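> Following this message is one structure expressed as structure tokens.
The values are calculated or read from the model by the stated rules, or taken from the named source; none is laboratory data. If you're wondering where the values come from, they're calculated on a predicted model, not measured in any experiment. Methodologically, a virtual Cβ is constructed for each residue, glycine included, from the backbone with ideal geometry; neighbour enumeration extends over all protein chains shown.
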Amino acid sequence: MKILKKVILVVLVIMIIGALFIGNGYNMYKEALKQMPLEEKIRSIREKENYTKIEEVPQMYINAVISIEDHRFYKHKGLDIIAVNRALINDIKAMDFIEGGSTITQQVAKNIYFTQEKKFIRKIAEVFMASKIEKNYKKEEILELYINTSYFGDGYYTLKEACRGYFNKEPSEMTDYECILLAGIPNAPSIYAPTKNPELAKQRQKQVMKKMIKYGYLTQEEADSIISKTL
């Protein structure tokens with residue numbers, strides 16, 4: 001009986017703490033919208049110089065981004081429970097916040113409203129914002145926002161800037177090799193920018209290719225061909 005009471009007490013404490021975190025995250029979300037409504041924020045992004053339209057982007061790049069960042073992108077409504085559970089297990093094992101399980105929509109929410117710092121309350125606010133984005137914008141629009149709010153290193157904040165800066169070409173002119181290379185950079189721009197660490201950029205590119213093969217966007221033969229043509 002004493003053990004049962006202790007279990008109930010622990011559960012209640014966890015629920016109270018959880019409710020506090022969720023409440024604080026929701027308040028952060030509402031405060032962000034109070035400072036600038038979502039529609040106004042999106043409009044300001046679309047007015048950016050070098051804003052990149054989704055129609056300008058090769059399908060290979062889109063496939064690479066979805067594979068490495070959020071392969072269930074078209075199936076969820078902003079939050080991927082499976083990815084969150086996997087990240088939680090890995091974080092507990094490492095006793096650190098090493099993996100967030102963020103969807104592309106959550107990354108858009110973070111990029112346009114919140115800091116890059118890994119804080120639990122911010123993650124909760126991010127989920128609320130991602131849900132609002134999903135309710136108001138189509139998947140293609142969310143992808144377009146992603147490629148215009150992600151940092152690609154070397155001062156490039158849109159895909160068009162990155163293409164011009166790294167390859168001296170427009171997004172529509174990217175080769176398959178370049179598409180896959182760029183898709184891996186936003187995860188850690190300071191590490192994977194090809195001008196900073198060419199070898200690490202290539203290693204990251206190989207990780208992206210493996211994910212593309214895993215999720216059916218590439219065959220091993222196609223991946224080998226992309227690499228061989230560049231070599």
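> From (1) in the same structural domain as Ser228 (by TED's automatic domain parsing); (2) outside any loop (DSSP other than H, G, I, E, B), pick out the condition that doesn't hold for Tyr156.
(2)
> Looking at region 217-231, which of the residues that are hydroxyl-bearing (Ser, Thr, Tyr) and closer than 16 Å to Thr175 by Cα is surrounded by the fewest Cβ atoms within 10 Å (Cβ to Cβ)? Even if it seems obvious, please write down each step before you answer.
Quick first cut of region 217-231, residues hydroxyl-bearing (Ser, Thr, Tyr) only: 217, 219, 225, 228, 230.
Checking the rest, the ones that are also closer than 16 Å to Thr175 by Cα come to 217, 225, 228, 230.
On the way: Tyr217: 21, Ser225: 13, Ser228: 8, Thr230: 13.
So the residue we want is Ser228.
> Okay, next question. Which of the residues that make up region 175-185 are in contact (Cβ under 8 Å) with a residue 40 or more places away in the chain and under 21 Å from the mean Cα position of the chain (by Cα)?
Kept after step one, since they are in contact (Cβ under 8 Å) with a residue 40 or more places away in the chain, are these residues of region 175-185: 175-177, 179-180, 182-184.
Once the filter is applied, which keeps residues that are in contact (Cβ under 8 Å) with a residue 40 or more places away in the chain and under 21 Å from the mean Cα position of the chain (by Cα), region 175-185 yields Asp176, Tyr177, Cys179, Ile180, Leu182, Ala183, Gly184.
> With Tyr177, Tyr157 as the choices, which residue is farther than 21 Å from Asn63 by Cβ and not aliphatic (A, V, I, L, M)? Spell out the reasoning first.
Values: Tyr177 fails: farther than 21 Å from Asn63 by Cβ.
Of the residues listed, the single one that is farther than 21 Å from Asn63 by Cβ and not aliphatic (A, V, I, L, M) is Tyr157.
> Identify the single condition in (1) out of contact with any Lys or Arg (no Cβ under 9 Å at 6 or more places or on another chain); (2) among the hydroxyl-bearing types (Ser, Thr, Tyr); (3) at pLDDT below 95; (4) in a helix (DSSP H, G or I) that Ser172 does not satisfy, given that it satisfies every other one.
For Ser172, the failing item is (3).
> If you take the residues of region 175-193 that are outside any loop (DSSP other than H, G, I, E, B) and hydrophobic (A, V, I, L, M, F, W, C), which of them is surrounded by the fewest Cβ atoms within 10 Å (Cβ to Cβ)?
Here is the first cut: in region 175-193, the ones outside any loop (DSSP other than H, G, I, E, B) are 176-183, 189-192.
Cutting the leftovers down to hydrophobic (A, V, I, L, M, F, W, C) gives us 179-183, 191.
On the way: Cys179: 23, Ile180: 30, Leu181: 24, Leu182: 29, Ala183: 27, Ile191: 14.
Ranking the candidates gives Ile191 first.
> If I go through region 39-82 residue by residue, how many of them are surrounded by 14 or more Cβ atoms within 10 Å (Cβ to Cβ) and either among the hydroxyl-bearing types (Ser, Thr, Tyr) or in a helix (DSSP H, G or I) (or both)?
Total satisfying the criteria: 17.
> Here are some conditions: (1) within 22 Å of Phe73 (Cβ to Cβ); (2) in the same structural domain as Ile42 (by TED's automatic domain parsing); (3) touching a residue at least 60 places away in the same chain (Cβ under 8 Å). Lys214 meets all but one. Which one does it not meet?
(2)
> Something else about it: Please pick out the residue among Lys169, Lys214, Lys196, Lys210 that is surrounded by fewer than 22 Cβ atoms within 10 Å (Cβ to Cβ) and over 22 Å from Gln107 (Cβ atoms). Show your work before the answer.
Details: Lys214 fails: over 22 Å from Gln107 (Cβ atoms); Lys196 fails: over 22 Å from Gln107 (Cβ atoms); Lys210 fails: over 22 Å from Gln107 (Cβ atoms).
The conditions single out Lys169.
> Can you tell me which residue among Lys138, Lys132, Lys110, Lys119 is in contact (Cβ under 8 Å) with a residue 12 or more places away in the chain and over 15 Å from the mean Cα position of the chain (by Cα)? Give the derivation first.
Details: Lys138 fails: in contact (Cβ under 8 Å) with a residue 12 or more places away in the chain; Lys110 fails: over 15 Å from the mean Cα position of the chain (by Cα); Lys119 fails: in contact (Cβ under 8 Å) with a residue 12 or more places away in the chain.
Matching residue, one of Lys138, Lys132, Lys110, Lys119: Lys132.
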